[in-house]
Amino acid sequence: NQSTCEAQTYYAGCNGAYYAVKEWRVYTKADTEAGTYTPTLTNVTNISASTAYVCQYMRVGTVVTVSGKVDIDPTAGGAVQLGMSLPIASNLSAQEQCAGAGVCAIANEDPIWIEGDATNNRAAFKATATGGGLANHSHYFTFTYRII
């Protein structure tokens, strides 16, 4: 029962165990948001073209999860980097404040890792283009970041 526990540092659970309580946070509809957006893409390294599709996002409190599809066309083998705008702005200060992964629509081609780009406050899609990955391929992804 939240009302009887708010002033306590510890409270007893229903099973007799004691739990440490730092603060209560109940999310309301005002703390949640869901929608779609078409991201702005920036070809950073070794990309001749990229295509953004409508992506979906969900926000709960200060955490946002994004998923969708993007096409990437590498110019040559090696490191690839694509920048993607965020649906809700954040002031990222470290790459681990945004993280995720993506897969190519063609099996065993160009797996992607996603990290925060603190310089530009966006998601950085990174991969190593090899072999058959040197053509325009669709990638499906998901990443999560904090609103700071």
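The values are calculated or read from the model by the stated rules, or taken from the named source; none is laboratory data. These numbers were taken from a predicted model, which means no experiment stands behind them. Using ideal geometry, Cβ is built from the backbone for each residue, glycine included, and neighbour counts are taken over all protein chains shown. Protein only, heavy atoms only, side chains kept; ligands, DNA and RNA dropped before computing areas. Shrake-Rupley method; radii C 1.70, N 1.55, O 1.52, S 1.80 Å.
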Exercise. Would you call Ile88 at pLDDT 95 or above and either open to solvent by 40 Å² or more (accessible area, probe 1.4 Å) or within 25 Å of Ala34 (Cβ to Cβ) (or both)?
Worked result: yes
Problem set entry | Selected residue (only one of Tyr145, Tyr57 is under 26 Å from Glu33 (Cβ atoms), in a strand (DSSP E or B) and touching a Leu at 6+ places or on another chain (Cβ under 7 Å)) | Tyr145
For this session: Just one of (1) within 17 Å of Thr144 (Cβ to Cβ); (2) at pLDDT below 95; (3) open to solvent by 30 Å² or more (accessible area, probe 1.4 Å) trips up Gly77, so point out which.
Result: (1)
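Yes/no matrix, rows are residues, columns are (1) more than 21 Å from Thr40 (Cβ to Cβ); (2) of a type in the set (D, E, K, R); (3) part of a loop (DSSP other than H, G, I, E, B); (4) touching a residue at least 40 places away in the same chain (Cβ under 8 Å):
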{"position": "Gly83", "(1), (2), (3), (4)": "no, no, no, yes"}
{"position": "Leu86", "(1), (2), (3), (4)": "no, no, yes, yes"}
{"position": "Val103", "(1), (2), (3), (4)": "yes, no, no, no"}
{"position": "Asp110", "(1), (2), (3), (4)": "yes, yes, yes, no"}
{"position": "Thr128", "(1), (2), (3), (4)": "yes, no, no, yes"}
{"position": "Ala135", "(1), (2), (3), (4)": "yes, no, yes, yes"}
Seminar exercise, completed: Conditions (1) of a type in the set (S, T, N, Q); (2) over 16 Å from the mean Cα position of the chain (by Cα); (3) closer than 16 Å to Tyr140 by Cβ -> Thr36 fails only (2)
For this session: Could you give me the residue pairs with C-beta distances under 7 Å whose first residue belongs to the range 28-48 and is closer than 18 Å to Ala89 by Cβ, whose second residue is exposed (fewer than 12 other Cβ atoms within 10 Å of the Cβ) and modelled with pLDDT of 95 or more wherever it lies, and which are 6+ apart or on separate chains?
Result: Thr36/Val54; Thr38/Val54
